[in-house]
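Here is the structure we will look at, set down as structure tokens.
Every number here is computed from the coordinates shown, using simple stated rules; none is lab data. This is a predicted model, so every value here is computed, not measured. Quick reminder, even Gly has a Cβ in these numbers, built from the backbone with ideal geometry, and neighbours come from all protein chains shown.
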Amino acid sequence: MLRTPAPRVIAHLDMDAFYAAVEVRDDPKLKGLPLIIGHPGRRGVVSTCSYEARKFGVHSAMPSVTAKRLCPQATWLRGRMSAYVRESRRIRSILSEVSPLVEPLSIDEAFIDLTGIARDLEDGAAIAQRLKDRIRERVQLSASVGIASNKFLAKIASDMRKPDGLMLLPNDRLEELFHPLPIERLWGVGPRSAERLHGGGVRRIGDVLRLSESELVRLVGKRGAGHLRRLARGEDDRPVQSGRRAKSISEERTYGDDLRDRDEIDRAILARADGVARQLRRKGLTARTVHLKVRRGDYTTWTRSATLPRPTDLTEPIVAAARELMLRRIDLGDHGIRLLGVGVSSLTTCGSGQSELFMDDGERQARRLTRAVDAVRDRLGEKAVVRARLLKRRDREDDDGEASSLPAVD
Ligand code: TTP
Ligand code: MG
């Protein structure tokens, strides 16, 4: 007789106010204060902030000028990426003590497959509590964990009791706990599709299931409707995938004559970012962290990283982050650039294309164009389609020799 497989037990763990929490731990004077991590300058943005600062409405990715207006008394710190990466590794190693199947999603979150380790979801929650205790003991930081039968629900759950939360979201309590959440919480529902859904009277996740098939199709298309319905029912069969795949992807190039001109530097960033983004798409991965490596004419070498608001496999967000790093975090002095590299890490496997269905029109268009360009390049070679921006001084890019890989950053 065939036995139905035992239900899965999946945990999603996300550290609380991660960068800010590391700073408070290392300088207890900051405890209890509104603390903002980010660049306070005119064009800066907030990376994250303490929960005390969130009470004033400050949040990640907010322009620093807005944050200053909302919370003028906040303490600002630029952040110490190397410290956050070190803590992230320590936390991951604690997670690996609990299960061999750990899938890191970003610097401060991961899925942990507890199937076969926990007897059921309740037992999973008990293990998660011990995991939280262990993290607090060893790295003095607090984490929030969601436990459910799949990745999607576990991720929703970890966010429900933040900070320092532990949330069990069993299938028989979806109506009570999951369906009242705003529709925006469904994976891939961006501002525009949310607007369309609101127009059709869909504001909460449960509303999706109350709508007739034809009404839902009218709002988000046929494929969109199928995916929305599956998510609203809390269905997701993606496996937790641990390591072994690439941890970072990068391209770098050395220049015979140092790059000095702002425009030249911009084009070099664009060319490397474009190559990296293409590799991401080929491998079906998205990245959340962007790295810029610069060697000046005097051989001083810098590597700087930034976290993107959400994972991407498109050129533009990678270029934007790399340019920002070049502008703000690298001091060229009077020197030119001898070597320039762009890399990405915090890689995750793309979803099954679901998120794309609910993208904003602009984003969907960008992605379609990207796919078309990829297809031409696959058939005719990388140089068959060259970005207009790169065409101007193509001679320069062509002379620069082969791209090579940066060492893995993560
Ligand atoms: P998050 O887990 O999104 O945020 P958080 O850990 O600060 O707070 P929460 O308690 O809500 O989980 O991101 C993890 C870290 O990634 C965050 O501490 C800083 C960085 N980050 C950015 O640099 N920019 C961003 O836009 C976001 C969202 C995060
Ligand atoms: Mg977090």
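Taking the Cα centre of segment 238-353 as origin and assigning +1 to Lys and Arg Cβ atoms and -1 to Asp and Glu Cβ atoms, the resulting dipole is close to 800 debye. Pair-distance distribution of the chain: all C-alpha pairs, bin width 10 Å, starting at 0; shares per bin in whole percent are 4, 19, 28, 28, 16, 5, 1, 0. Sparse packing (at most 12 other Cβ atoms within 10 Å of the Cβ) combined with a DSSP loop state is found for the following trypsin sites (Lys or Arg not before Pro) in segment 169-272: Arg244, Arg245. Selection among Val145, Ala125, Ser47 by position relative to the dipole of segment 1-155 gives Ser47 as farthest towards the positive end (Cβ unit charges, Cα centre).
By the Kirkwood approach, averaging reciprocal distances over each pair of separate Cα atoms, segment 277-333 gets a hydrodynamic radius of 12.1 Å. Among beta bridges identified by DSSP and lying wholly in the chain, the antiparallel ones come to about 85 percent. Of the DSSP H helices in the chain, those with a Cα length along their own long axis of 18 Å or more and a mean Kyte-Doolittle hydropathy reaching -1.0 comprise 81-98, 121-139, 262-283, 315-329. Given their separation in residues at 0.36 nm each and the Cα-Cα distance between them, Ala6 and Ala61 gain 15.7 nm when the chain is fully extended. For segment 1-149, the share of DSSP beta bridges that are antiparallel, to the nearest 5, is 85%. For His39, nonlocal amide neighbours, meaning residues 5 or more places apart or on other chains whose placed amide H falls under 5 Å from its own, are Val45, Ser47.
The lysines within cross-link reach of Lys222, meaning a Cα-to-Cα straight distance under 30 Å and a gap of 8 or more places when in the same chain, are Lys151, Lys155, Lys283. Each Lys and Arg Cβ is given +1 and each Asp and Glu Cβ -1; about its Cα centre, the chain then shows a dipole of about 320 debye. GNM on the chain, alpha-carbon springs under 10 angstrom: the most fluctuating residue among Ile117, Ile183, Ile91 is Ile117. Taking the Cα centre of segment 1-146 as reference, the dipole from Cβ charges on Lys and Arg (+1) and Asp and Glu (-1) amounts to some 620 debye. Translational diffusion coefficient of segment 20-158 at 20 °C, 1.002 mPa s, Stokes-Einstein with Kirkwood Rh over Cα pairs, in µm²/s as a whole number. Approximately 130 µm²/s, per Stokes-Einstein. Among the lysines, select those whose C-alpha is under 21 Å from the C-alpha of Lys31, and discard any that sit fewer than 8 residues away in the same chain. Answer for Lys31, where 21 Å is the Cα cut-off: Lys55, Lys68, Lys132, Lys162, listed by chain and number.
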